[in-house]
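Okay, so here's the structure we're looking at.
Values quoted throughout were computed directly from the atomic coordinates according to the rules given, and no laboratory measurement underlies them. Because the structure is a prediction, the values reported are computed rather than measured. Backbone-built Cβ (ideal geometry, glycine too); neighbour counts: all protein chains shown.
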Amino acid sequence: MKVIGYTDVIQVVVLIIGGLATTYLALTMVSEHFGLGKNALAGFNQLLKDSPEHFKMIVPKPGPNATQADINKYLMLPGIAMYFAGQWIVNLNYWGCNQYITQRALGADLKTARNGILFAGLLKLMMPVIVMLPGIAAYVLYKNGSLQAEMAAGGKFNPDNAYSAVLSFLPTGLKGLSLAALTAAIVASWQVKRTVFQRSLHWTSIKSTSKKKRTNRNWCGSVA
């Protein structure tokens, strides 16, 4: 677990640096597109001016004359009801039942586990800056005539290309480090799934003490 802990720290540091660099790049792209110079703060203010609705987490209930777009937004984020109806359940499930979290917490002593989860929660507060701002910037840029080719990779517009469209403008070295850290994080999540399969499913379904079958169990867990 110590090796996994050191690996996770390196991954997180690289991902945060890459994420902040992507956000800065996205905001400067917005400011340059609107003739405001290479100024990240000016780019952020332009986002607030151009698309203020994207900074609202509590969407008001649509009235009788609301457009279909407003209705769709409310169905995705049904006002403050979403926080009472289910958002807290999702968070409790993630922090208390997610194998990726619990495996690392149970592998440490109580004080370290508590501090680690609290610090991870603190880092979660950076998600709007690292993830959401580049997406909003890509939306504003596309709406105003930029990123047309990047958002329509393969000849068809796909809103899921927003973050990768901005990420493609990162310097080659930083882009490579970010992709390497992301790949390592994905592989680490596979390791967690392998452990769940091997310890919870495969080992409990096969009750054998022979050496041959124990070897088969270990081999099957390694493949998973």
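From Cα pairs below 8 angstrom and at least 6 apart in sequence, can you work out the relative contact order of the range 2-170, rounded to a whole percent?
Values: 129 pairs, mean separation 42.5, N = 169.
The normalised contact order for the range 2-170 reaches 25 percent.
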Where in the range 122-183 are there trypsin sites (Lys or Arg not before Pro) that are in a DSSP coil and have at most 10 other Cβ atoms within 10 angstrom of their Cβ?
-> K156
Sorted by chain and number, the residues with a modelled amide H under 5 Å from that of A153, at a separation of 5 or more or across chains, are N158
Given backbone amide H placed at 1.01 Å from N, residues whose amide H is under 5 Å from that of M126, ignoring those fewer than 5 places away on the same chain, are none
Separation between the K38 and A180 pseudo-spin-labels, each 7 Å from Cα along Cα→Cβ, expressed in nm?
-> 2.6 nm
Quick one: which residues, 5 or more positions from S51 or on another chain, have an amide H under 5 Å from its amide H? H modelled 1.01 Å from N in the peptide plane, none for Pro or chain starts.
-> none
In whole Hz, with x marking every Gly and Pro, tabulate ³J(HN,Hα) for the range 11-19 from phi via Karplus 6.51 cos²θ - 1.76 cosθ + 1.60, θ = phi - 60°.
-> 4, 5, 4, 5, 5, 5, 4, x, x
Distance violations [Cα-Cα > 21 Å] among K73/K143; K49/K143; K56/K124; K56/K143; K38/K124; K38/K156 | K38/K124; K38/K156
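Under 1.5 on a/c is rounded, so check that first for the range 2-170, then, if it is not, pick prolate when a/b is larger than b/c and oblate when it is not; a ≥ b ≥ c are the square roots of the alpha carbon gyration tensor eigenvalues.
On the way: a/c = 2.25, a/b = 1.34, b/c = 1.68.
Oblate, because a/c is 1.5 or more while a/b does not exceed b/c.
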Whether the range 57-109 is rounded, prolate or oblate, judged on the alpha carbon gyration tensor where a/c under 1.5 counts as rounded = prolate
Karplus 3J(HN,Hα) series, Hz, for the range 45-50 with 6.51 cos²θ - 1.76 cosθ + 1.60 (x for Gly, Pro) = 5, 5, 4, 4, 6, 7
What is the Cα centroid distance between the range 106-137 and the range 71-96, reported in whole angstrom?
-> 19 Å
Could you check the simple spin-label distance between I89 and T67, using points 7 Å along Cα→Cβ, in nm with one decimal?
-> 3.3 nm
Once phi for every residue in the range 21-27 is put through the Karplus expression 6.51 cos²θ - 1.76 cosθ + 1.60 (θ = phi - 60°), the whole-Hz ³J(HN,Hα) values, with Gly and Pro written as x, are 5, 5, 4, 4, 4, 5, 5
